[in-house]
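Please read the structure below before turning to the comments.
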Amino acid sequence: MTTMENLITQQDFYHLFQPVLHLADRSVLGYEALIRCDAVRSPDLLFKAAAEQNKLFELDTLSVYSAIAAFFADKKRKESGEYLFLNVFPSSLADGTFPHFIEKALRDYLVLADRIVFEINETVTEAESWDDANFIGNLRWLRESGFLVAFDDVGEGATTLRKIIEIAPDMIKLDRFFGRDLQVDAEKRKMLKLFAEYCKDNTLLILEGIEETEDLMQAQQLGVALGQGFLLSKPKRLADLYSTGVP
């Protein structure tokens, strides 16, 4: 088993960055930071080990800080206007010390808060955190501090339509399930059109997992303006974001 104490102390992980694009012209809205660790086969296993060793909050917040510090270290990127998307677990948001982490660790980046998007991870195992009073209060405080909030993997995990209405996130990222086989699945097209209509005024809708040209074209016809997926661009090292272009 991976010893999370050593991994966290040594910061034995890094991030890849995958763009979120405007589908019409392939211009970049922002980048999602995706944690990777050579010692662990997948991010899911990494966070599973962290949870089992009671280190999830520590790893989650360290990942957030490391991604922000790395992404905005470059002056050109800092002034670009591009968003940075960061994954965070509901239990981390529900932790009573989360605001202290933001105020202390991220104090130098508060001026960039309106370009930092916290994607709330949709894991079903943390469904109870969505109703935690600390979660609700910290989420409200986060937005009052200027940060943006996205619901991630909507349609796959814990988020319900009720939570979408109650919290009204700034962005909704639809699970890759809805972007697969769109050209042959009428029911998925109906659902995607429904979300596109709901989000057209106040919420940015992003379709994840776009991998086929036909699905991309269908999504655009249904009113989806933003997307992410291997067809558009694979995750890249920070140094390669601009040098190799998109995709």
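Computed over segment 53-140, the range of Cα coordinates on each principal axis works out to 41, 24, 21 Å, biggest value leading. Computed about its Cα centre, the charge dipole of segment 72-174 is approximately 480 debye, with only Lys, Arg, Asp and Glu carrying charge at their Cβ. Electrostatic tally near F57: other residues with Cβ closer than 15 Å to its Cβ, Lys and Arg +1, Asp and Glu -1, net -4. When shorter helices are ignored and each DSSP H run of at least 4 residues is given -39500 (n - 2.57), the per-residue value for the chain at 222 nm works out to -10500 deg cm²/dmol. Across the options A94, F195, Q218, the greatest Cα extent toward the positive end of the charge dipole of segment 4-239 (unit charges at beta carbon of Lys, Arg, Asp, Glu) belongs to Q218.
Provide the three semi-axes, in whole Å and in decreasing order, of the ellipsoid equivalent to segment 4-239 as defined by the square roots of 5 times the Cα gyration tensor eigenvalues. Working shown, then result.
Numbers: eigenvalues 154, 81, 67 Å².
For segment 4-239, the semi-axes come out at 28, 20, 18 Å.
As a quick test, which of the pairs K48/K163; K78/K190; K78/K173 have an alpha carbon distance above 30 angstrom in this structure? K78/K190, as the Cα separations exceed 30 Å there. Once segment 1-127 is represented by equal point scatterers at the alpha-carbon sites, with solvent omitted, what log10 I(q)/I(0) does the Debye formula produce at q = 0.09, 0.10, 0.17, 0.22 Å⁻¹? Taking Cα atoms of segment 1-127 as identical point scatterers yields -0.27, -0.33, -0.94, -1.42. Restricting to segment 4-239, compute how many DSSP beta bridges are antiparallel as a %, nearest 5. Counting DSSP beta bridges with both partners in segment 4-239, the antiparallel share is about 35 percent.
Dimensions of segment 121-177 from C-alpha coordinates, computed as largest minus smallest value along each principal axis and given longest first, are 33, 22, 17 Å. Over all other residues within a Cβ to Cβ distance under 13 Å of D95, the charged ones net out to -3, with Lys and Arg as +1 and Asp and Glu as -1. Shape analysis of segment 93-214 based on the Cα gyration tensor places the equivalent ellipsoid semi-axes at 29, 16, 13 Å, largest first.
Bear in mind these aren't lab numbers, they're just calculated from the coordinates by the rules spelled out. Fair warning: this is a prediction, and the values are worked out from it, not measured in the lab. When we count neighbours, we look across all protein chains shown, and the Cβ atoms used for this are built from the backbone with ideal geometry, even at glycine.
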